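Just below is one structure, and these are the notes that go with it.
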Amino acid sequence: MDISDLPDHPDCDPAADPDGPDRLVLDDQVSLLRAWRHLVGPRDAHRGHSVWLMLIDEHDHPMAGVLEIEHCVDLPEPEQLDSMIAMLRDLLDDVAPGGRVALLRSRPGTHPVDAEDRRFVGGLLAACRRGGLPADLVHLATADRVVPVPPDDLPATA
């Protein structure tokens, strides 16, 4: 599934010119949350541990494709995260200077955002800052919901 699978978006006509004015715009947290809910599904009883990445260009348009990194039970080591962020930064510099990344953590269970989620999200955002990669508010997908993880809830070291 990719961003072109969002036909129900009120501002997006998938049949329209992909460079035209009807292209999906993710310029606020509501539109980003709605996109994540559509892409990963609001409910999935078999949801696993993953990190999802969506690149957004300088005009707030999502770029084609969404990447899911599966089996991310634990936060990767800082060196691994830094390498991933450097690759994403290089990609954006080449194809969409001024772009940014949107990140989502998915995991099984239905409990709300917990300390481990906050640590995980804080580690992702810290890697983005170290690598100079602008990032949107990170979201969490559980078996029964997709929610934003507010930055105010993150550990002070994030």
**OP:** Amide H neighbours of ARG23 under 5 Å, at least 5 residues apart or on other chains, H built in the peptide plane: list them.
**Re:** none
Original post:
So what J values fall out for segment 38-49 if you push phi through Karplus, 6.51 cos²θ - 1.76 cosθ + 1.60 with θ = phi - 60°, rounded to Hz, Gly and Pro as x?
Top reply: 6, 5, 9, x, x, 9, 7, 5, 10, 4, x, 7
Original post:
Once a ≥ b ≥ c are taken as the square roots of the eigenvalues of the Cα gyration tensor of segment 71-158, is the result rounded (a/c under 1.5), prolate (a/b larger than b/c) or oblate (a/b not larger than b/c)?
Top reply: prolate
Subject >> Net charge, ALA143 excluded, C-beta distance under 9 Å - Lys, Arg +1, Asp, Glu -1 >> reply: +2
**OP:** Would you grab the residues whose amide H sits under 5 Å from the one on VAL138? Only those 5+ places off in sequence or on another chain, please, with H modelled 1.01 Å from N.
**Re:** VAL149
Original post:
What is the dipole size for segment 101-149, taken about its Cα centre, with +1 at each Lys and Arg Cβ and -1 at each Asp and Glu Cβ, in debye to the nearest 20?
Top reply: 180
Subject >> Whole-Hz ³J(HN,Hα) from phi, Karplus 6.51 cos²θ - 1.76 cosθ + 1.60, for segment 127-144, glycine and proline x >> reply: 5, 4, 5, 4, x, x, 9, x, 9, 7, 3, 7, 10, 10, 10, 10, 5, 10
Original post:
Residue by residue through segment 88-97, which ³J(HN,Hα) values in whole Hz follow from phi under the Karplus form 6.51 cos²θ - 1.76 cosθ + 1.60 (θ = phi - 60°), with glycine and proline marked x?
Top reply: 5, 4, 4, 4, 5, 4, 6, 10, 8, x
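Computed from the coordinates by the stated procedures, all read-outs in this text should not be read as laboratory data. Keep in mind it's a predicted model, so treat the numbers as computed, not measured. Because the Cβ atoms are built from the backbone with ideal geometry, glycine has one as well, and the counts that use them run over all protein chains shown.
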